[in-house]
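K.L.:
Before I ask anything, let me first share the structure, which is written out below as structure tokens.
The values are calculated or read from the model by the stated rules, or taken from the named source; none is laboratory data. For clarity, every value in this text was computed on a predicted model and none was experimentally measured. All Cβ positions, even for glycine, are placed from backbone atoms using ideal geometry, and neighbour counts span all protein chains on display. Areas reflect the complete protein model, heavy atoms only, side chains present, ligands, DNA and RNA absent. Shrake-Rupley method; radii C 1.70, N 1.55, O 1.52, S 1.80 Å.
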Amino acid sequence: GGSYPQKNAEILSSQYGINLFLAGLLLTFAWAVHAVGISKSHLLSYLITLMLIQLLWMLWYLCRSCTQRRLIRDKDTHAGARWLKCGITLFAVITLILDSFKIGYYIDFSNCLSPTEGIFPVTHAVHTILQVYFLWCHAKDIIQSFKTLERFGVIHSVFTNLLLWTNGVLTESKHQLNEHKERLITLGFGNITIVLDDHAPQCNCTTTTLCSVFSQGIYYLYPFNIEYHILASTMLYVLWKNIGRKVEHHQQHKTPFKFHGITVGMIFGLIVLTSTIAIVVVYLIQIGRSKIKSELALTMFYLHAIFVLALMCTAGIVALLIYRLEDRSLDNSKNPARKLDAELLVGTAAGSWLLSWGSILAIICAQAHPKYTWYNLPYSVLVIIEKYIQNLFIIESIHREQEKVNDDIKTLRIVTISRGSTLSLTPSYKEIYNGRATRDSGEVPCLFKASICGRENGGNAKEETSQESSSVMRSASDFSFYSSNSVTNNKRRVLKNIAAFLFLCNLSLWIPPAFGCRPEYDNGLEEIVFGFEPWIIVVNLAMPFSIFYRMHSAASLFEVNCKT
């Protein structure tokens, strides 16, 4: 039937995207290793062409959507959350600042730079603006028309963003690598060959001060550009998976973020965030100044990271124990966004696991061990354990069904039986559910569904006695209801605080590697054991995934906090 050609279209489009990506990847690699006949202008021309094709497709899709705006379209309520759109918008704004710096850099060095280096940031800025608008308006779409054509358009956009991400990662890594090669000399590793990989223009700048600002500022903005493209590619991938999907129409409960009840988690998380920023600033100032200062900077980093990772492991274990005490079913319905989140968590965690196992092996096999390198052992072990525990917590959290309140419970009302003949209402259901209802000494509460619980004046004594004893029995069950809800609320409050704390901790641990604080480069022990070039290749391949893991974990934990 109709599913067969659509399955073929999915396979064909995915293969098209993979070949598009591999061609760009080889061009990027060829430029990085200074291959004969391959220059940066060739790579940028390829990227500009891909962006222009995506721009044409997005414009066509937007025009077609405007002509059909009156039609009711299916939406994936789980895709394109508002907080995710706000996050990608923030990164896009910083990316536009990066593009403006590149334009300024090109103007200052225009005498010896290829015209493509001026065209690229302009095209990229237009591409960024239109893509963010497209994702805000259509990230939730479930495309049911022109499905074959749309599959190719969306997968083209996915791999275009992945190539732009790869280009950003490589450019930023080459800059970081040059700095780390110079730092190794101060740590006493003089036997390592230091050859700087310089792609600087071979001419003088027209205005020296501006050139310095642009060249230095570009590399501080690259981490945000990298996160922007990887977020865009994941949102577009979910859109691609949703093409032609049949969805069940059901009401989606909104889960707004609330600061109420997470004060403890936020306070501890902000302490970690503030201390991490301070550590990074001191590290970047001290590293490379002298051997003693570099060793102190590395020791300071490791001790701080060990403490933070230990706290995160403890918080994750407490959260998992709370889940084991609860009996709630998992939501196994088809959800491409949730499935992608889980796969990205495990897949990107492998990057830092690879680095950690490399460090552990280097410590075991090295013949000489400077004192600061021993702190690398507990640090590497905790990195592996912390990600293992955190992945379990996040994946289980996003798969747990949201707690729903029974309709019968929602109709509960409480009345009091006074000594007289009057009936008075006690606190509302909301107060009962939150465990705040109280009982006065002269009142006995009772719950009912379809009738009023009480007694009328003029009844006989036997009937009064029966009703009073019945109300006392019901009040006993009511208090068990209150206590169970109180326990549930306490568990939810603890889980929300843990999610808030881990959210800020992951943001904190994203900052050091994103802004050049990378002890995997600086301690020098791994380079001695594995060799400089092999270890640098491993770090350059694994580090981008490790950085993305922290940002993706923070985004997932934000969702967990809203959902809990």
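K.L.:
Label-point separation (nm) for TRP83 and TYR220, each offset 7 Å from Cα along Cα-to-Cβ?
P.N.:
2.9
K.L.:
Highest mean first, how do 45-52, 18-25 rank when packing is the count of other Cβ atoms within 10 Å averaged over residues?
P.N.:
Ranking the peptides 45-52, 18-25 by packing returns 45-52, 18-25.
K.L.:
Can you give the FRET efficiency for ALA278 and CYS205, using 1/(1 + (r/R0)^6), R0 = 30 Å, r = Cβ-Cβ distance, to the nearest 0.05?
P.N.:
After rounding to 0.05, the efficiency reads 0.30.
K.L.:
If R₀ is 41 angstrom, what is the calculated FRET efficiency for the pair TRP60 and ILE97, using the beta carbon separation as r and rounding to 0.05?
P.N.:
That gives a FRET efficiency of 0.90.
K.L.:
Here is a follow-up. If you stretched the chain out fully between ILE317 and LEU303, how much longer would it get, using 0.36 nm times the residue separation minus the C-alpha to C-alpha distance?
P.N.:
Full extension of this stretch gives 2.9 nm more.
K.L.:
Follow-up. Would you kindly state how much longer the chain becomes between LEU130 and VAL381 on full extension, computed as 0.36 nm times their sequence separation minus their alpha carbon distance, in nm to one decimal?
P.N.:
86.0 nm is the gain from fully extending LEU130 to VAL381.
K.L.:
What does the accessible area of THR67 come to, in Å² to the nearest 10, when a probe of 1.4 Å is used?
P.N.:
110
K.L.:
Enumerate the amide H contacts of LYS75 below 5 Å, restricted to partners 5 or more residues apart or on another chain; note that Pro and chain-start residues carry no placed amide H.
P.N.:
none
K.L.:
Let me ask another. Starting from the 7 Å offset along Cα-to-Cβ, what nm value, one decimal, do you get for the label separation of GLU326 and LYS246?
P.N.:
Inter-label distance under the simple model: 3.3 nm.
K.L.:
Amide H of ARG400: which non-local residues (sequence gap of 5 or more, or other chain) have their own amide H closer than 5 Å, using H built in the peptide plane?
P.N.:
It is ASP331, by chain and number.
K.L.:
Pick out, in residue order, every one of the trypsin sites (Lys or Arg not before Pro) in region 263-361 that is DSSP loop and has at most 14 other C-beta atoms within 10 Å; say none if there are none.
P.N.:
Loop-located and lightly packed - ARG289, ARG328, LYS334.
K.L.:
May I ask which of LYS334/LYS563; LYS75/LYS334; LYS140/LYS496; LYS147/LYS334 have a Cα-Cα span longer than 23 Å here?
P.N.:
Beyond 23 Å between Cα atoms: LYS140/LYS496.
K.L.:
Quick check: pseudo-label points 7 Å beyond the Cα along Cα→Cβ at ALA30 and ALA368, how many nm apart are they?
P.N.:
4.3
K.L.:
Mind ranking 501-513, 105-117 by how tightly packed they are, going by the mean number of other C-beta atoms within 10 angstrom, highest first?
P.N.:
Highest to lowest by the protection proxy: 501-513, 105-117.
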